[in-house]
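Down below is the structure, laid out as structure tokens.
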Amino acid sequence: EAGVTQFPSHSVIEKGQTVTLRCDPISGHDNLYWYRRVMGKEIKFLLHFVKESKQDESGMPNNRFLAERTGGTYSTLKVQPAELEDSGVYFCASSQEWETEQFFGPGTRLTVL
Amino acid sequence: GDSVTQMEGPVTLSEEAFLTINCTYTATGYPSLFWYVQYPGEGLQLLLKATKADDKGSNKGFEATYRKETTSFHLEKGSVQVSDSAVYFCALSDSSYKLIFGSGTRLLVRP
């Protein structure tokens, strides 16, 4: 069974540009989460989807970040416009139920110059 | 709010050495505690977990005991291998879906 996949693995953009990260969860997992690790610090929760609905987006840093999960399958996280402080590693995770184990993808390393 | 503090790395050990990575937490309730590991180029993997006080989680030779009195969940392994080189994250969950992570500790094991 395929795990959680993320694309791209690495993105380098200039400040002010737009970047879209994609996450494909494990098939059948209704719950999808985004986390990020900035500057080698702790990994922080961004938001949680159940199917296509946002259950909790309390961790989203500001309105430059937009997450979608159309059709309840893959999810995208768009950063527009990107700022220097957005650099970091963005992780996606999925789980069958909200209280069961979260399986993580390899992450997307975003570098904003 | 809830938080996790773990020792800064990198931790460099020789093969077969004893490993301890310290982790302490702050939580208002009775969280579940986890250790995740990230090998180079891979995603985070759940290494072990404990859901209540005095529980011991174990996997692949690693162990951690949930100590409520000291609010700690230190990771130990008796004899590390080169293949254990990775970044280790301590985390808690306060009975919700949110995982709260520490800042990670990089372990480098030399042959």
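Details
- Scaled radius of gyration (Cα, divided by 2.2 N^0.38 Å) that region B:52-111 gives: 1.25
- Positive contributions from Lys and Arg (+1) and negative ones from Asp and Glu (-1), summed over other residues with Cβ under 11 Å from the Cβ of B:S103, come out at +2.
- This model, with +1 at the C-beta of Lys and Arg and -1 at the C-beta of Asp and Glu, gives chain B a dipole about its Cα centre of some 120 debye.
- Over chain A, the alpha carbon radius of gyration divided by the compact-protein estimate 2.2 N^0.38 Å works out to 0.99.
- Within-13-Å neighbourhood charge of B:Q45 [Cβ basis; K, R +1; D, E -1]: -1
- Once all protein chains are placed together, A:K78 keeps about 70 Å² accessible to a 1.4 angstrom probe.
- Relative contact order of chain A: 37 percent, from C-alpha pairs under 8 Å at least 6 residues apart in sequence.
- Ordering A:G71, A:P25, A:L84 by the projection of their Cα atoms onto the charge dipole of chain A, which places +1 on the Cβ of Lys and Arg and -1 on the Cβ of Asp and Glu, puts A:L84 at the extreme positive end.
- A 1.4 Å probe over all protein chains sorts B:T65, A:T18 by accessible area into A:T18, B:T65, starting with the largest.
- Three principal axis lengths of chain B [C-alpha, angstrom, descending]: 42, 27, 21
- Label-to-label distance, nm, for residues given as A:K78 and B:T70 (7 Å Cα→Cβ offset): 5.0
- A Förster distance of 25 Å, applied to the separation of the beta-carbon atoms of A:R22 and B:K60, puts the FRET efficiency at 0.20.
- Where only C-alpha atoms are counted, convex hull volume of the protein assembly as shown per residue in Å³: 120
- Alpha-carbon spread of region A:37-96, three principal axes, descending order, Å: 32, 23, 18
- Sequence-separation-based contact order of region A:1-63, relative, with Cα cut under 8 Å and 6+ spacing, percent: 22
- Region B:1-53: relative contact order in percent, alpha carbon pairs under 8 Å with at least 6 residues between: 31
- Full-stretch length increase - B:L108, B:E42 - with 0.36 nm per residue and alpha-carbon distance subtracted: 22.1 nm
The values are calculated or read from the model by the stated rules, or taken from the named source; none is laboratory data. Predicted model, so just to flag it, every value in this text is computed and none were measured. FYI the Cβ positions are ideal-geometry reconstructions off the backbone, even for glycines, and counts take in every protein chain you see. Accessible surface areas use protein heavy atoms only, side chains included; no ligands, DNA or RNA. Shrake-Rupley method; radii C 1.70, N 1.55, O 1.52, S 1.80 Å.
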